[in-house]
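Okay, structure first, notes after.
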Amino acid sequence: RSILPLLKGEDCDWPEEVFIQITGKRISRALRMSRWKYSVIAVDSESEAGGGSSKYVEDCLYDLLADPHELNNVIGHGSMRNVADDLQGRLIRRMVEAGEQEPVIESVATKAGSGRRISIEEVRANPGKQE
């Protein structure tokens, strides 16, 4: 797809996000936008044909305007749930557009009262159980 219309400043239908696929030792998918970076990681360490997975869990969410060095992962914060839900829907749409089967993405929660984010290892040990 030509980027010439963008360079000329012309109106064009261009996605505002970058879709990232990471397949290898770690299987993950991500979106990067001007303000947000959102990623998910495969629950199963084994990839399906084509390098994807049918099930992911949220890994990180960064507000790049407030935190350009990505020091504060806000994925488990209740105040960020609406943002994460929007980005989750966008990510699933982009995955399907790239030829992947529509995956299940589990939302991350924090341990009640502790503010501690549930790790991927805890999710793998107790799939479907979040506090």
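The values are calculated or read from the model by the stated rules, or taken from the named source; none is laboratory data. These numbers come from a predicted model, not from an experiment. Cβ sites come from the backbone with ideal geometry, for glycine too, and all protein chains shown count toward neighbours. When the accessible area is computed, the model is the full protein with side chains, heavy atoms only, and any ligands, DNA or RNA have been set aside. Shrake-Rupley method; radii C 1.70, N 1.55, O 1.52, S 1.80 Å.
Of note, Trp14 does not satisfy the criterion of being in contact with a helix residue (DSSP H, G or I) (Cβ under 7 Å, 6 or more places away or on another chain) and in contact (Cβ under 8 Å) with a residue 12 or more places away in the chain. Exactly one residue out of Glu131, Glu121 is open to solvent by 70 Å² or more (accessible area, probe 1.4 Å), modelled with pLDDT under 90 and in contact with a Lys or Arg (Cβ under 6 Å, 6 or more places away or on another chain), and it is Glu131. Considering Leu71, Leu91, Leu64, Leu4, which residue is open to solvent by less than 30 Å² (accessible area, probe 1.4 Å) and free of Cβ contacts under 8 Å to residues at least 60 places away in the same chain? It is Leu64.
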